[in-house]
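Asker: There's a structure below that I have some questions on.
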Amino acid sequence: MNSAAVPASPGIDLSKPRMLSNPKLDQWICFWSIPVFYVLFGIIFVIFGRIMPPPTPAMATADIVAFMTSPYLSIAVVLLAMSLGIYALNSGLMLTQMKRMEGVSPVLRYGYIAVLGVGGLPGCLFPGYMFALGAFRPEYDAHIQVMLYELGFLCFVGSLGCFIIQYTLFAIAVFLDKRQLFPKWLAYFSIWTLVTELVAAPVFITQTGPFAWDGLLAFYQGTIIWVAWQTCLTFYLFKAIKEQPIEELGLPMRPNEL
Amino acid sequence: MNPFRNLSLFQNRLTHVWAFLVATTLASWWLGGSAHRIMEGALAQERFTTTSIIIAIAIIKMRLVIWHFMEVKACPRWLRWTCDAWLLSVAIIVLGLYRFA
Amino acid sequence: MQTKDQLICLWLVPFFGLAFLFAFWNANGFFPPMSPTMTAEEVATFYQDNLASIRSSMILCNIIGLSLVPFYMVIIVQMMRMVHASRVFSYSYLIAVVNGGTMFALADLAWLNAAFRPDRDPQLTMLLNDLAWFAFITPVGFFIVQNFCLAMAILFDKSAQPVFPRWVAHFNIVTALLVAPSACALIYKTGPLAWDGAISFWLHMTTYVCYVAVMFIVTRAAVIRQATESSTHPQTWQEQAA
Amino acid sequence: MSNSSFTYEQASQFTEHLQGPSGSAPDKPIARVPGQAAMWFFVVGDLWIFTCYFACYAYDRAQEPMAFLQGQLSLSQDLGAFNTVLLLTSSLLVALCLKATRKQQHTQARQLLLMGGTLGVCFLLIKAAEWYVKIEAGLPVMSGQFFIYYFMFTGLHFMHVSLGLVILTLVYLELKKATAGNLAMVEAGAVYWHMVDLLWIIIFALLYLM
């Protein structure tokens with residue numbers, strides 16, 4: 001890999017005084033955005049929104065209207081709209097570390113960029129807007145409120161495609177990585193995540209039971225496995241940044257290589 | 001060329017296991033097929049007996065696959081125990097929930 | 001020399017920017033924006049009365065909706081010229097740009113859909129209208145992160161000749177902060193934070209237009225500097241290191 | 001991985017050990033896991049995830065036994081049993097392939113693997129045909145919980161088999177190279193393929209017979 005020491009070259013001024021005495025500070029900023037993001041995520045979806053754990057699809061209309069018109073729901077979505085972008089930082093860090101893998105061409109990284117560029121919208125922000133719409137205008141007819149409620153939860157629990165490709169690309173990258181930046185079992189772990197995510201596929205056809213959007217399999221199992229996976233991934237990202245040799249930072253980097 | 005050369009198929013334990021697995025599959029197939037007959041009476045108790053036998057056969061089959069095909073019988077103790085614990089849990093969970101839930 | 005294409009992408013900005021301004025000026029109810037306090041019937045009547053202008057403007061917006069993407073890509077290429085420990089901010093910037101662009105496309109499609117069948121149930125027209133305004137005004141999170149990344153990239157730049165001057169970093173942070181309160185348009189129907197209010201709309205739009213104008217000027221300067229530098233200096237870092 | 005340094009001499013000792021000197025059971029097991037430890041991590045975890053599905057299935061089945069029984073009767077037990085035999089045979093072939101690999105009979109191993117993989121493909125084709133018939137018969141008939149479980153279980157298993165075929169293909173390519181480092185990979189692939197077999201045995205019992 002890029003084991004060459006940082007060359008003293010006329011284009012680079014290493015002596016610049018800055019808060020940047022830690023050469024990995026950029027990565028650390030992105031790393032610490034991960035816990036920040038997930039704490040916010042919890043505040044938004046669990047405390048304010050009451051979106052997680054989800055209420056049942058088979059709720060009575062009056063209850064749905066009461067859920068949708070809760071003022072806390074709007075606050076949750078405002079926070080979401082302000083902070084969802086942070087996941088771009090998390091993904092950027094992931095890509096930076098994937099770049100270090102050996103025997104992995106950029107193709108997986110580019111796929112990852114594309115998938116993450118799309119992923120958060122159908123699965124997170126769009127459902128948020130559905131809830132915000134209902135909370136914004138309590139005067140909507142009950143049947144419109146019900147539709148918004150369902151659209152919100154179906155998108156929130158049921159949008160799978162982007163994440164499935166994300167887990168696949170990650171698993172392939174870890175399998176091929178000769179450098180073992182992430183342990184092999186994490187790749188297998190992401191296949192479990194993929195499998196448990198797939199089980200959310202029937203949320204669109206059932207209203208009760210384990211495959212409904214509040215179901216034991218479609219929601220709880222998938223969420224538990226995903227949380228465990230995300231925790232392990234975060235831990236290994238931490239390790240990867242910490243153990244990244246200083247010589248590998250910075251140069252040589254080709255200016256046009258993403 | 002014969003792909004089975006030098007494998008002494010008929011004295012091979014893998015083949016014996018396989019033959020036993022196929023035989024039990026056919027047996028449980030016959031048992032499960034009798035669901036057609038029980039259907040009318042719908043006797044929960046009788047159905048439970050059949051179900052228990054079918055699950056038991058499946059557990060035995062899985063144990064054989066794990067033991068001989070996956071070679072767990074020669075593995076460290078923790079793996080053998082993990083696999084057996086799993087088999088036992090599947091049996092208890094499935095039959096317990098089916099019977100008492 | 002990899003600057004000609006960058007300059008082409010840059011010069012698309014004034015062209016499409018004028019088209020955007022025209023589209024918003026042309027559409028009744030967007031400049032100044034319609035009020036969120038309108039009832040469903042009023043919204044429906046509004047669409048019936050202003051069909052031609054809304055449709056023409058929004059179709060124009062639909063066509064040019066993502067025309068600022070090449071501009072942002074020029075900024076990314078300039079970020080790549082900076083001397084960094086990693087590419088982490090470039091990646092994050094790219095993902096944030098993609099997300100922000102998608103939300104604008106969604107807003108535009110919702111407006112067009114509301115205008116497609118003006119005699120439908122007024123509640124549905126209002127729903128589409130609300131969705132469009134939400135998607136247009138409130139997804140500020142991506143803009144914030146995008147600017148944050150650019151600002152950090154500039155502050156972390158170790159080039160002896162900085163690609164962007166340092167004040168651009170501060171400028172990016174300030175614009176992000178000015179735009180941030182617009183997310184509250186999801187709650188308020190009146191006052192400065194409503195989607196037609198002084199902060200959520202006027203400040204947001206003014207900031208954005210100024211932002212694009214200023215970034216256009218500094219990015220152009222950076223590209224031109226790249227052109228002169230690369231004619232005298234080695235092109236790649238490897239060559240530089242050699 | 002420490003297993004990649006596992007040599008053929010050790011492998012033949014291991015095989016002898018498995019078989020026993022004269023077919024008898026080994027006195028003391030060797031502390032070794034076939035394939036990669038990571039693969040076993042995956043297999044055990046995957047089995048537990050499936051156990052959660054089975055638990056939900058058993059619970060729901062107990063709630064409305066008649067509806068489930070009716071759904072079950074509309075499946076073809078014969079095709080299911082045939083598919084089971086296919087997978088069992090395929091498993092045997094892959095196990096034999098591993099044996100041949102340990103004896104460094106790479107050509108023979110490839111032949112056996114190819115046959116095993118072909119049976120896997122047959123399994124998928126039959127499964128697809130079964131789905132096709134079911135969907136042609138009309139989805140409204142299959143509105144009950146049972147069919148959601150049916151499609152979920154068989155669908156997930158289908159996915160596992162497809163992944164298994166990809167893995168077998170990789171193993172095949174590895175066997176073509178016939179280098180000494182590939183044994184761990186053949187073992188890992190075999191373990192995965194047997195797990196697919198394992199899952200089908202219990203799914204067959206739960207969905208078709210129970």
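Every number in this text was worked out from the coordinates using simple rules, so none of it is lab data. Treat the numbers as computed from the prediction; the structure is a model and nothing was measured. A quick note on method: Cβ atoms are made from the backbone with ideal geometry, for glycine too, and the neighbour counts reach across all protein chains shown.
Asker: How tilted is helix A:161-176 with respect to the longest principal axis of chain A? Cα atoms for both, answer in degrees (0 to 90, nearest 10).
Answerer: Tilt of helix A:161-176: around 30 degrees.
Asker: Using alpha carbons only, how many degrees (0 to 90, rounded to 10) separate the axis of helix B:77-100 from the longest principal axis of chain B?
Answerer: It is inclined by approximately 20 degrees.
Asker: Okay, next question. Given A:LYS178/D:LYS177; A:LYS178/B:LYS73; D:LYS103/D:LYS176; A:LYS184/D:LYS127; D:LYS127/D:LYS177; A:LYS178/D:LYS99, which pairs have Cα atoms separated by over 22 Å?
Answerer: A:LYS178/B:LYS73; A:LYS184/D:LYS127; D:LYS127/D:LYS177; A:LYS178/D:LYS99
Asker: At q = 0.10, 0.11 Å⁻¹, what log₁₀ I(q)/I(0) does a Debye calculation on the Cα points of region A:124-241 give, no solvent, two decimals?
Answerer: Reported log10 I(q)/I(0), two decimals: -0.40, -0.47.
Asker: Give the peptides D:57-64, C:165-172 in descending order of average Cβ contacts within 10 Å, highest first.
Answerer: D:57-64, C:165-172
Asker: Using Cβ contacts closer than 10 Å as the measure, can you line up D:TYR150, A:TYR236 from fewest to most?
Answerer: A:TYR236, D:TYR150
Asker: Taking 8 Å as the Cα distance limit and 6 or more residues as the minimum spacing, I'd like the relative contact order of region C:4-236 as a percentage.
Answerer: Relative contact order for region C:4-236 comes out at 22 percent.
Asker: Which ordering of A:THR196, C:THR207, A:THR231 is given by a fewest-first count of other beta-carbon atoms within 10 Å?
Answerer: Final ranking by Cβ density, sparse to dense: A:THR231, C:THR207, A:THR196.
Asker: While we're looking at this one, here's another question. Roughly how many whole Å is it from the C-alpha centroid of region D:81-151 to that of region C:161-184?
Answerer: If we compute the Cα centre of each part, the gap is 58 Å.
Asker: Shifting gears a bit: Return the FRET efficiency for the residue pair A:CYS232, C:GLU42: r is the Cβ-Cβ distance, R0 is 51 Å, and the value is rounded to the nearest 0.05.
Answerer: About 0.40, to the nearest 0.05.
Asker: Moving on to the next point. Please compute the net charge surrounding A:SER190, taking Lys and Arg as +1 and Asp and Glu as -1 over other residues with Cβ under 14 Å from its Cβ. Provide the component values of the computation, followed by the final result.
Answerer: Values: positive: A:LYS184; negative: A:ASP177, A:GLU197, D:ASP46.
Combined, the nearby Lys, Arg, Asp and Glu give -2.
Asker: Mind pulling up the Rg/Rh value for region D:40-209? Radius of gyration and Kirkwood radius, both on Cα.
Answerer: On the way: Rg = 17.7 Å, Rh = 17.0 Å.
Here Rg/Rh amounts to 1.04.
Asker: Right, next: Just how many % of Cα pairs in region C:86-191 lie over 19 Å apart, if you round to the nearest whole percent?
Answerer: Beyond 19 Å sits 56 percent of the P(r) for region C:86-191.
Asker: Right, next: Which whole-number percent gives the relative contact order of chain A, counting Cα pairs below 8 Å spaced six or more residues apart?
Answerer: Rounded, it is 25 percent for chain A.
Asker: Rounded to a whole number, what is D in µm²/s for region C:4-236 from Stokes-Einstein with the Kirkwood radius over alpha-carbon pairs (4 °C, 1.567 mPa s)?
Answerer: D = 69 µm²/s.
Asker: Let me confirm one metric for peptide C:157-164, namely the mean number of other chain beta-carbon atoms within 10 Å of its residues' beta-carbons. Display every interim value, and only then the final one.
Answerer: On the way: counts 4, 12, 4, 8, 4, 2, 0, 0.
For peptide C:157-164, the averaged partner shielding equals 4.
Asker: Across region A:86-97, in residue order, what do the Karplus-derived ³J(HN,Hα) couplings come to in whole Hz, using 6.51 cos²θ - 1.76 cosθ + 1.60 with θ = phi - 60° and x for Gly and Pro?
Answerer: For region A:86-97, the Karplus-derived couplings read 4, 5, 5, 5, 4, 5, x, 5, 4, 5, 4, 6 Hz, x marking Gly and Pro.
Asker: Using each residue's phi in region C:5-21, evaluate 6.51 cos²θ - 1.76 cosθ + 1.60 at θ = phi - 60° and report the 3J(HN,Hα) Karplus result to the nearest Hz, with x for Gly and Pro.
Answerer: Coupling constants for region C:5-21: 5, 5, 5, 4, 4, 5, 6, 5, 4, x, 4, 6, x, 5, 4, 4, 4 Hz.
Asker: Return the sequence-ordered ³J(HN,Hα) values of region C:25-41 in whole Hz as given by the Karplus equation 6.51 cos²θ - 1.76 cosθ + 1.60 applied to θ = phi - 60°, using x for Gly and Pro.
Answerer: Once rounded to whole Hz, the list reads 6, 5, 7, 5, x, 10, 9, x, x, 5, 8, x, 7, 4, 7, 4, 5.
Asker: Roughly what percent of Cα-Cα pairs across chain A reach past 27 Å?
Answerer: Numbers: 14809 of 33153 pairs.
Percent of Cα pairs beyond 27 Å in chain A: 45.
Asker: Still on this structure: To make sure I understand, if each residue's beta carbon is the centre and we count other beta carbons within 10 Å, what order do A:TYR220, C:TYR211 fall in, fewest to most?
Answerer: A:TYR220, C:TYR211
Asker: What Rg and what Dmax come out for region C:3-132 when only alpha-carbon atoms are used, in angstroms?
Answerer: Cα radius of gyration and Dmax of region C:3-132 are 18.3, 58 Å respectively.
Asker: Further question: Name the shape class, rounded, prolate or oblate, that the alpha-carbon gyration tensor gives for the protein assembly as shown, where a ≥ b ≥ c are the square roots of its eigenvalues, rounded holds for a/c under 1.5, and otherwise prolate holds if a/b is larger than b/c and oblate otherwise.
Answerer: oblate
Asker: Taking each residue of B:60-66 in turn, how many C-beta atoms of other protein chains fall within 10 Å of its C-beta, and what is the average? Write out the running numbers ahead of the final one.
Answerer: Working: counts 1, 8, 8, 1, 3, 10, 6.
Shielding by partners across B:60-66 averages 5.
Asker: Mind running the shape call on region A:50-112? Use the C-alpha gyration tensor, a ≥ b ≥ c as the square roots of the eigenvalues: rounded below 1.5 for a/c, prolate if a/b tops b/c, oblate otherwise.
Answerer: Prolate, since a/c reaches 1.5 and a/b exceeds b/c.
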